[in-house]
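*Asks:* So that we are looking at the same thing, I have put the structure below in structure tokens.
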Amino acid sequence: MKMVRRNIYEGPNSCYAINEGIYVPGRGVNLETGVSILYLLLRDLQRGWTYDHSCRRIPMTWDLFVRRARYLYALCRKHTGPLGECERLREIIEYAIARRTLPPWARSLVRLARTRPLIAVPVVVRRRRLRASTYY
């Protein structure tokens with residue numbers, strides 16, 4: 001049986017899309033997708049686990065977080081070229097490594113998509129109790 005090597009964060013067939021119902025849309029890494037993946041990396045670091053390329057849970061260590069975050073810069077250079085966009089992504093990555101959060105101005109760049117709709121919570125309807133009147 002051949003093991004499928006899936007993308008962890010990006011695309012509708014990624015591990016995140018299959019297991020959690022959210023993913024980073026797009027192909028390749030530019031500024032927006034890089035920040036979105038970094039957001040999910042920070043989420044994984046906070047909860048303490050992530051996925052490998054076979055979609056199995058693995059512990060998210062600080063070292064793994066730093067390696068995955070810094071690899072985003074290399075992917076940005078590979079996919080979009082030596083633009084100022086990649087340098088901005090590098091600044092955001094170093095900020096996130098130093099402070100364990102995204103810079104406030106970069107939060108608006110996060111783009112996530114859903115594979116399934118949110119679960120609708122039933123609304124509790126309060127009805128007035130009708131009083132029975134007796135007329136004699």
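The values are calculated or read from the model by the stated rules, or taken from the named source; none is laboratory data. Here the structure is a predicted model, which means the values were calculated and not measured. All Cβ positions, glycine included, derive from the backbone under ideal geometry; neighbour counts span all protein chains shown.
*Asks:* Just give me the residues in segment 86-105 being in contact with an Asp or Glu (Cβ under 9 Å, 6 or more places away or on another chain) and either in a helix (DSSP H, G or I) or over 15 Å from Ser36 (Cβ atoms) (or both), in sequence order.
*Replies:* none
*Asks:* Sticking with this one: Restricting the search to segment 24-66, which residues are out of contact with any Gly (no Cβ under 9 Å at 6 or more places or on another chain), loosely packed, with under 13 Cβ neighbours inside 10 Å and under 20 Å from Thr80 (Cα atoms)?
*Replies:* Scanning segment 24-66 gives a single hit, Gly28.
*Asks:* Of the numbered conditions (1) farther than 13 Å from Tyr9 by Cα; (2) part of a loop (DSSP other than H, G, I, E, B), Arg111 fails exactly one; give the number of that condition.
*Replies:* Against the list (1) farther than 13 Å from Tyr9 by Cα; (2) part of a loop (DSSP other than H, G, I, E, B), Arg111 comes up short only on (1).
*Asks:* Of the conditions (1) closer than 22 Å to Val4 by Cα; (2) modelled with pLDDT of 90 or more, Pro104 clears all except one; give me its number.
*Replies:* (1)
*Asks:* Another question, then. Any chance segment 21-34 includes a residue that's aliphatic (A, V, I, L, M) and touching a Ser or Thr at 6+ places or on another chain (Cβ under 6 Å)?
*Replies:* Yes, that holds for at least one residue.
*Asks:* Taking the condition of being free of Cβ contacts under 8 Å to residues at least 12 places away in the same chain and either among the small types (Gly, Ala, Ser) or outside any helix (DSSP H, G or I) (or both), how many residues in segment 10-44 meet it? Can you show your working first?
*Replies:* Within segment 10-44, the subset free of Cβ contacts under 8 Å to residues at least 12 places away in the same chain is 13-14, 20, 43.
Add one more test, that the residue is either among the small types (Gly, Ala, Ser) or outside any helix (DSSP H, G or I) (or both), and what stays is 13-14.
Residues meeting the conditions: 2.
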